[in-house]
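The block underneath contains the structure these notes are about, expressed in structure tokens.
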Amino acid sequence: MITQAAQVSILVNNIEEAKHFYTKKLGFIVREELEFSPGWKYVTVSPDFANETRLELVKAETPEQEEMIGKQAANQVLIMFLSDDIEKDYCELKARGVIFHGEPKPVPGGKGVGFEDLYGNAFDLYQPDTNA
């Protein structure tokens, strides 16, 4: 039985600039950073050490991969991130320069707002209703 997702790969132009975005703008931590050989670097980030889901930042190597950067979900939401205080997180992330597509508003089951990474991948920030 599948119990959860462990890792999601995100294609990037540059691992260092992507790592900077996820750590400095979103406040994530680097979980692993290994260089297996020159040009082959493995970097994962996540919201914190307790979070089991990791994002692997993968350097696009082929023209087909480069074409997918920022469009991995075909202009749909790639990942929905949960928040325990969406208003606070929204204000902090916006102050760090994260591009949002509006302000947090009621959505089915809670509050949500869309945002994007440095390459244009669409993400959602979502806070479920606590009284649901």
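Remarks
- Additional length obtainable on full extension of the chain from His101 to Thr3, 0.36 nm per residue less Cα span: 32.1 nm
- Furthest towards positive pole of dipole, Met68, Gln127, Thr3, structure part the chain, Cβ charges: Gln127
- Selection from Ala95, Pro47, Gly114 lying farthest towards where the dipole of segment 5-132 points positive, charges on Cβ: Ala95
- Principal-axis tilt of helix 86-95 within the chain, Cα atoms, nearest 10 degrees: 50 degrees
- Label point distance in nm, Glu66-Glu17, each placed 7 Å from Cα along Cα→Cβ: 1.3 nm
- Neighbour cut-off at most 14 other Cβ (10 Å), DSSP loop, chymotrypsin sites (Phe, Trp or Tyr not before Pro), segment 15-77: Phe49
- In this structure the amide hydrogen of Ile99, modeled in the peptide plane, comes within under 5 Å of the amide hydrogens of Glu116, none closer than 5 places in sequence on its chain.
- Gyration tensor verdict on segment 76-132 (Cα atoms; rounded if a/c is under 1.5, prolate if a/b is larger than b/c, oblate otherwise): oblate
- Loop-located trypsin sites (Lys or Arg not before Pro) across segment 1-83 with a Cβ neighbour count of 15 or fewer within 10 Å are Lys71, with loop assigned by DSSP.
- Ligands, DNA and RNA are left out, and with a 1.4 angstrom probe the accessible area of segment 21-132 is 60 Å² per residue.
- Element breakdown for segment 1-119 at a 1.4 angstrom probe: carbon and sulfur atoms account for 54% of the accessible area.
- Cα shape, the chain, gyration tensor, a/c 1.5 rule: prolate
- DSSP loop GluC sites (Glu not before Pro) with at most 13 other Cβ within 10 Å excluded, longest remaining stretch of the chain: 62-132
- Rounded to the nearest 20 debye, dipole of the chain from Cβ charges on Lys, Arg, Asp, Glu: 180 debye
The values are calculated or read from the model by the stated rules, or taken from the named source; none is laboratory data. The structure presented is a predicted model; accordingly, all values stated were derived computationally and were not measured. Neighbour counts run over all protein chains shown; Cβ positions are idealised from the backbone, glycine included. We work out accessible area using only protein heavy atoms, side chains counted, and drop any ligands, DNA or RNA first. Shrake-Rupley method; radii C 1.70, N 1.55, O 1.52, S 1.80 Å.
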